[in-house]
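Input: a single structure, listed below in structure tokens.
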Amino acid sequence: MASKEAFPLGVYAQGQTRWLGKRIARETLWNAAKNKLRGKRVLDVGCGYGHYIQDFLNLGAAEVYGIDYLDNMIEQGNEKVCFECLSTHDMKFDKEFDVAMCIFVIMWSKNYEELLTSVSNVHKALKPNGVLFCYVPNCVAELKSWSEEDGVKYGYRRLFTDGLDDGDKMNVHFYDLKGKPTNWEMTFFRQETYERCFEEAGFRNVRVVDPVIRDEWRSEFGAEYVDKMLNPTRDLLFVAEKL
Ligand SMILES: C[S@@+](CC[C@H](N)C(=O)[O-])C[C@H]1O[C@@H](n2cnc3c(N)ncnc32)[C@H](O)[C@@H]1O
């Protein structure tokens, strides 16, 4: 059964204004997807407020279908954009998609079974030769937690504890513009576990894309912050194909 807790999207959106990870994620996704969206039907899984939908249209998507288990997430009015209130746990469509985007969504799965159900349903929603782009936080304990001060500065921080393993809970704090944290719990899965899950769901050619960084971000944010985002990389973009 899907767990439908209301994700604090408002605070998340405020944190994102200071979060270089968002810029890295957007640039990396844009770079990886730029030749794959023209004329395509795109499913935006867990679209939230639809932050990336305009990007998909700018890259030539013919249609974007956003789903989220919270209702009324995106404004409609653009004939190329549709929204449906659905959970990844029980979504079914009467059409197939060329591309699925799943951006910072599946780490809210409570355990491996939920993760596999969501990824399998995304696989079913795709046409043969369809492509999945899936962003998740890189859950390696080597990353260590940022200090509270850095969290306030950057908009969020994950709280790592020693000895985390697959399925363990991990907290993330999102900070609003006044520096007040809101806690959210997500599940720790290793990169190999995500890869195994994509394969088990039927995806092939599963790979992780190198993050894209713009030189000007080093002067804007400081080299130390950029290095903190990349060594090791905070987030992982998987690309996988339905053959
Ligand atoms: C971190 S937000 C990301 C939103 C958007 N993809 C972005 O990157 O801006 C996660 C979103 O996924 C939605 N979500 C989480 N689990 C879901 C599920 N099982 N089915 C549908 N939506 C889900 C939440 O309601 C939330 O809007």
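The values are calculated or read from the model by the stated rules, or taken from the named source; none is laboratory data. In this text the structure is predicted, and so the values were computed from the model without any measurement. Reconstructed Cβ throughout: ideal geometry from the backbone, glycine too, with neighbour counts over all protein chains shown.
Here Val122 passes the criteria (1) outside any helix (DSSP H, G or I); (2) within 13 Å of the ligand (Cβ to nearest atom); (3) aliphatic (A, V, I, L, M) except the one numbered (1). Every condition in (1) more than 21 Å from Gly10 (Cα to Cα); (2) out of contact with any Asp or Glu (no Cβ under 7 Å at 6 or more places or on another chain); (3) of a type in the set (A, V, I, L, M) holds for Val64 except the one numbered (2).
Looking at region 26-46 only, could you name the residues that are over 24 Å from Pro128 (Cβ atoms) and near the ligand (Cβ under 10 Å from one of its atoms)? The one that is over 24 Å from Pro128 (Cβ atoms) and near the ligand (Cβ under 10 Å from one of its atoms): Arg26.
Of all residues in region 171-196, those that are surrounded by fewer than 19 Cβ atoms within 10 Å (Cβ to Cβ) and either among the hydrophobic types (A, V, I, L, M, F, W, C) or under 22 Å from Pro232 (Cβ atoms) (or both) total 9. The set of residues in region 136-156 being under 23 Å from Leu115 (Cα atoms) and out of contact with any Pro (no Cβ under 7 Å at 6 or more places or on another chain) consists of Val136, Pro137, Cys139, Ala141. Quick check, is Glu63 within 24 Å of Lys95 (Cα to Cα), more than 11 Å from the ligand (Cβ to nearest atom) and of a type in the set (Asp, Glu)? When the stated conditions are applied, Glu63 passes them. The residues on offer are Asp98, Asp165, and the sole one that is over 24 Å from Leu70 (Cβ atoms) and either part of a helix (DSSP H, G or I) or touching a Phe, Trp or Tyr at 6+ places or on another chain (Cβ under 8 Å) (or both) is Asp165.
Filtering Thr17, Thr28 for residues that are in contact with a Pro (Cβ under 6 Å, 6 or more places away or on another chain) and of a type in the set (Ser, Thr, Tyr) leaves a single hit, Thr28. Scanning for something part of a loop (DSSP other than H, G, I, E, B), of a type in the set (Phe, Trp, Tyr) and within 14 Å of the chain's Cα centre (by Cα), does region 50-70 turn up at least one residue? Yes; the residues of region 50-70 include at least one that is part of a loop (DSSP other than H, G, I, E, B), of a type in the set (Phe, Trp, Tyr) and within 14 Å of the chain's Cα centre (by Cα).
The residues of region 50-72 that are buried (at least 17 other Cβ atoms within 10 Å of the Cβ) and either among the hydroxyl-bearing types (Ser, Thr, Tyr) or touching a residue at least 60 places away in the same chain (Cβ under 8 Å) (or both), listed by number, are Tyr52, Tyr65, Tyr69. Taking first residues from region 176-199 that are closer than 13 Å to Pro137 by Cα and touching a residue at least 40 places away in the same chain (Cβ under 8 Å) and partners that are charged (D, E, K, R) and assigned to a strand (DSSP E or B), the Cβ contacts under 8 Å between residues at least 6 apart in sequence or on separate chains come to Met186/Lys169; Thr187/Lys169; Phe188/Lys169. Among the residues of region 3-25, count how many are more than 9 Å from the ligand (Cβ to nearest atom), modelled with pLDDT of 80 or more and closer than 22 Å to Val212 by Cα. Of the residues in that region, 2 qualify.
Of the numbered criteria (1) in contact with a helix residue (DSSP H, G or I) (Cβ under 6 Å, 6 or more places away or on another chain); (2) modelled with pLDDT of 95 or more; (3) within 9 Å of the ligand (Cβ to nearest atom), the one Ser87 fails is (1).
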